[in-house]
Amino acid sequence: MPVVKTSAKGQVVIPADLREKAGIKPGDKVFVTLSVEGKVILEPLPDDPVEAAHGVLRTGSSLTKALLKERRKDIAREEAKAPRFLRSPRVSGKRTRVATR
């Protein structure tokens, strides 16, 4: 395990063998985070983040399809309830005359 020294500016040189294993080349950007245990984590960033993320969400089911399926069920339930609320009032066919004074 190599030991490195921090410069006055806070810079650290990553040993060549570790850079090669991590795929870090001169000019690459590195994401630096601090773990819960207080350890510094260096992660190389991809050259094109959009290209690197392409296809990440392909695994698993489609949320859009699940939402559309649920919406179809809701519409069917609403249509089943609608006739109860749209019944015409029960009025007899006879007309009665109201006496006026």
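List of remarks:
- The residues on offer are K25, K73, and the sole one that is part of a loop (DSSP other than H, G, I, E, B) and of a type outside the set (A, V, I, L, M, F, W, C) is K25.
- Cβ pairs under 7 Å, 6+ apart, first in the range 47-58 and closer than 20 Å to K25 by Cα, second at pLDDT 80 or above: A52/P46
- Condition check for K39: exposed (fewer than 10 other Cβ atoms within 10 Å of the Cβ), at pLDDT 90 or above and among the basic types (K, R): yes
- Criterion: part of a loop (DSSP other than H, G, I, E, B) and polar (S, T, N, Q) - qualifying residue of T33, T6: T6
- Which numbered condition L18 misses (of (1) over 23 Å from the mean Cα position of the chain (by Cα); (2) assigned to a helix (DSSP H, G or I); (3) exposed (fewer than 10 other Cβ atoms within 10 Å of the Cβ)): (3)
The values are calculated or read from the model by the stated rules, or taken from the named source; none is laboratory data. This structure is a prediction, so every number in the text was calculated from the model and none was measured. Neighbour counts are summed over all protein chains in view; Cβ atoms, including those assigned to glycine, are modelled from backbone coordinates with ideal geometry.
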